[in-house]
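Colleague: There's a structure below that I have some questions on.
The values are calculated or read from the model by the stated rules, or taken from the named source; none is laboratory data. This structure is a prediction, so every number in the text was calculated from the model and none was measured. Reconstructed Cβ throughout: ideal geometry from the backbone, glycine too, with neighbour counts over all protein chains shown.
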Amino acid sequence: MPTALFDKLCDATDKALKKMKKPLVRKKIKRALESAYDDAEGRKISAEESLVNGRKDFENYDVNEILRAKVEIKKTGEAQVALKKEYLELFDEEMKC
């Protein structure tokens, strides 16, 4: 039994909508990964500043604060590496940062 024209048009419309949505979804995911990378960069910079300031303050030297900053720097650096790998795996291109 031949497929009705309506069904053919609906199928074509579904395919066209999927093709139209693909670039939008791609852009949304790219933005999310780039935003997460930028957020990690901001936290890393803040931790680096905290580390420098903590080391300068000899009278109130706080070992726990120094260690916290070092852990945060390491953690955010690792997160950035993971985000870059995920971006590369998904889009087969390097993240521009």
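Colleague: Looking at the stretch 48-97, which of its residues are of a type in the set (Ser, Thr, Tyr) and loosely packed, with under 12 Cβ neighbours inside 10 Å? Show your work before the answer.
Modeller: Applying the first criterion (of a type in the set (Ser, Thr, Tyr)) to the stretch 48-97 yields 50, 61, 76, 87.
The answer is TYR61, and nothing else.
Colleague: Can you name the residue in the stretch 24-45 that is in contact (Cβ under 8 Å) with a residue 12 or more places away in the chain and small (Gly, Ala, Ser) and, of all such residues, is nearest to TYR87 (Cα to Cα)?
Modeller: Among residues in the stretch 24-45 that are in contact (Cβ under 8 Å) with a residue 12 or more places away in the chain and small (Gly, Ala, Ser), the one nearest to TYR87 (Cα to Cα) is ALA36.
Colleague: Just to be sure before I move on: is VAL25 at pLDDT below 95 and of a type in the set (Val, Ile, Thr) in the structure I sent? Talk me through it step by step, then tell me what you get.
Modeller: Numbers: at pLDDT below 95: yes; of a type in the set (Val, Ile, Thr): yes.
Considered against the rule, which asks whether it is at pLDDT below 95 and of a type in the set (Val, Ile, Thr), VAL25 comes out as yes.
Colleague: Still on this structure, I have one more. Which members of the stretch 52-83 meet the condition of being hydroxyl-bearing (Ser, Thr, Tyr) and farther than 28 Å from CYS97 by Cβ? Explain how you work it out, then say what you get.
Modeller: Step one: of the stretch 52-83, the residues hydroxyl-bearing (Ser, Thr, Tyr) are 61, 76.
Once the filter is applied, which keeps residues that are hydroxyl-bearing (Ser, Thr, Tyr) and farther than 28 Å from CYS97 by Cβ, the stretch 52-83 yields only TYR61.
Colleague: If you don't mind, there's one more thing I want to ask. Within the stretch 85-97, is there a residue that is in contact with a Lys or Arg (Cβ under 6 Å, 6 or more places away or on another chain) and not in a helix (DSSP H, G or I)? Walk me through it before giving the result.
Modeller: Step one: of the stretch 85-97, the residues in contact with a Lys or Arg (Cβ under 6 Å, 6 or more places away or on another chain) are 95.
Adding the requirement that they be not in a helix (DSSP H, G or I) leaves 95.
There is at least one residue in the stretch 85-97 that is in contact with a Lys or Arg (Cβ under 6 Å, 6 or more places away or on another chain) and not in a helix (DSSP H, G or I).
Colleague: Given ALA47, ALA32, which one is within 30 Å of LYS96 (Cα to Cα) and in contact with a Ser or Thr (Cβ under 9 Å, 6 or more places away or on another chain)?
Modeller: On the way: ALA32 fails: in contact with a Ser or Thr (Cβ under 9 Å, 6 or more places away or on another chain).
Selected residue: ALA47, the only one of ALA47, ALA32 that is within 30 Å of LYS96 (Cα to Cα) and in contact with a Ser or Thr (Cβ under 9 Å, 6 or more places away or on another chain).
Colleague: Please go through the stretch 32-62 and give me each residue that is more than 23 Å from the chain's Cα centre (by Cα), in a helix (DSSP H, G or I) and not aliphatic (A, V, I, L, M), ordered by number. Show your work before the answer.
Modeller: Kept after step one, since they are more than 23 Å from the chain's Cα centre (by Cα), are these residues of the stretch 32-62: 50-62.
Those still in the list that are in a helix (DSSP H, G or I) too: 50-56.
If the condition is that a residue be more than 23 Å from the chain's Cα centre (by Cα), in a helix (DSSP H, G or I) and not aliphatic (A, V, I, L, M), then SER50, ASN53, GLY54, ARG55, LYS56 are the ones that fit.
Colleague: What's the number of the only condition in (1) more than 23 Å from the chain's Cα centre (by Cα); (2) at positive phi that GLU65 fails to meet?
Modeller: Condition not satisfied by GLU65: (2).
Colleague: Has the stretch 45-55 got any residue that is at pLDDT 90 or above, at negative phi, touching a Leu at 6+ places or on another chain (Cβ under 8 Å) and among the charged types (D, E, K, R)? Full working, then the answer.
Modeller: Here is the first cut: in the stretch 45-55, the residues at pLDDT 90 or above are 45-55.
From what is left, the residues that are at negative phi are 45-55.
Of the ones still in play, those that are also touching a Leu at 6+ places or on another chain (Cβ under 8 Å) are none.
So far as the stretch 45-55 goes, no, none of its residues is at pLDDT 90 or above, at negative phi, touching a Leu at 6+ places or on another chain (Cβ under 8 Å) and among the charged types (D, E, K, R).
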